[in-house]
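The values are calculated or read from the model by the stated rules, or taken from the named source; none is laboratory data. Because the structure is predicted, anything quoted here is derived from the model rather than measured. Backbone-built Cβ (ideal geometry, glycine too); neighbour counts: all protein chains shown.
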């Protein structure tokens, strides 16, 4: 049973970097915490993130960004050293509409780190992790670019 | 039927694509634009904005943002091409990233692969300079009826 990120410095540095990226800041993404190797992020409900003006429900694209980012951080919790990763594919199942006015949380885990590909799953929820509003699975390519994502970090 | 769907229908009649984007807050935040081409096809575009960056070193657009752009395109494409005042609801969305999206305009086109009584299947393709080199392809399922 894994209890800690393999290299906490890699996860913390890359995790903070991911959350601080311009698009994530535009969405108001926030770091909530890590349990074992499962990070949790959240996005507060905001009027300019709404997809359906009649209902006030958050746009599905916001959930896509939240799942993508949280899942990427889950991968970094399993990386022994700094490396660049890139999403290869992503699928989101929208289980039920998100309630307007409430934050959306996302918890992700990397359930398999292979030599070239990392496999993740994620749950989005509002009131309780037991009442998910969306489920996401993704794969990430490892060592995807020679350009390091972290300044000073090994590519 | 919602006020939004009625407004969408009247804006489509007027050909006012910009006002449709204005009515969808997150589409406006992303900076989405779209137009109806002479042959009737919808072309979606997303001019580059620094707020949409997901990799500052390359730089590249955020993968989640690309997903949001494509999902939004699929929804507008579907409503535009249907004569229903019921808003489609997205069931699932699957996205394959083929290349990183650079600091340039991103384009997208959609195709309704199948429209049944209850479910529609929409294919979406995104590219930048060269349509033969797609940045991402996606598909979405939408529920067409409530209940």
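Tell me the residue from B:75, B:29 that is within 14 Å of chain A (Cβ to nearest Cβ), touching a helix residue (DSSP H, G or I) at 6+ places or on another chain (Cβ under 7 Å) and assigned to a helix (DSSP H, G or I), please.
Residue meeting the stated conditions: B:29.
Determine if segment A:40-48 includes at least one residue that is in contact (Cβ under 8 Å) with a residue 40 or more places away in the chain and over 12 Å from the mean Cα position of the chain (by Cα).
Within segment A:40-48, one or more residues are in contact (Cβ under 8 Å) with a residue 40 or more places away in the chain and over 12 Å from the mean Cα position of the chain (by Cα).
State all residues of segment A:104-115 that are in contact with a strand residue (DSSP E or B) (Cβ under 7 Å, 6 or more places away or on another chain) and surrounded by fewer than 17 Cβ atoms within 10 Å (Cβ to Cβ); if no residue qualifies, say none.
The answer is A:111, A:112.
Can you pull out the residues in segment B:1-26 that are in contact with a strand residue (DSSP E or B) (Cβ under 9 Å, 6 or more places away or on another chain) and assigned to a loop (DSSP other than H, G, I, E, B)?
B:2, B:15, B:24
If I go through segment A:52-65 residue by residue, how many of them are at the interface with another protein chain (Cβ under 7 Å from one of its Cβ atoms) and either buried (at least 24 other Cβ atoms within 10 Å of the Cβ) or in contact with a strand residue (DSSP E or B) (Cβ under 6 Å, 6 or more places away or on another chain) (or both)?
Number of matching residues: 6.
Cβ contacts < 9 Å: first residue farther than 18 Å from residue B:73 by Cβ and at the interface with another protein chain (Cβ under 10 Å from one of its Cβ atoms), restricted to segment B:1-26; second residue assigned to a helix (DSSP H, G or I) and modelled with pLDDT of 95 or more, any location; separation 6+ or different chain. Result?
B:7/B:19; B:7/B:20
Tally time: how many residues in segment B:122-147 are over 12 Å from the mean Cα position of the chain (by Cα), without any contact (Cβ under 8 Å) to a residue 24 or more places away in the chain and crowded, with 16+ Cβ neighbours inside 10 Å?
Number satisfying all stated conditions: 1.
So which helices (runs of 4 or more DSSP H) stay within segment A:1-118 end to end and still have 1 or more residues that are within 30 Å of residue B:146 (Cβ to Cβ)?
A:22-27, A:60-76
Tell me which residues, restricted to segment B:35-66, are assigned to a strand (DSSP E or B) and either surrounded by 24 or more Cβ atoms within 10 Å (Cβ to Cβ) or within 13 Å of another protein chain (Cβ to nearest Cβ) (or both).
B:44, B:46, B:53, B:54, B:55, B:60, B:61
When you go through A:122, A:86, A:138 one by one, which is the residue that is within 19 Å of residue A:24 (Cβ to Cβ), surrounded by 17 or more Cβ atoms within 10 Å (Cβ to Cβ) and more than 12 Å from the chain's Cα centre (by Cα)?
Only one candidate passes the filter, namely A:86.
Can you name every residue in segment B:108-121 that is surrounded by 13 or more Cβ atoms within 10 Å (Cβ to Cβ) and touching a strand residue (DSSP E or B) at 6+ places or on another chain (Cβ under 7 Å)?
Those that are surrounded by 13 or more Cβ atoms within 10 Å (Cβ to Cβ) and touching a strand residue (DSSP E or B) at 6+ places or on another chain (Cβ under 7 Å): B:108, B:109, B:110, B:111, B:112, B:119, B:120, B:121.
Please tell me if residue A:102 is in contact (Cβ under 8 Å) with a residue 40 or more places away in the chain and more than 18 Å from the chain's Cα centre (by Cα).
yes
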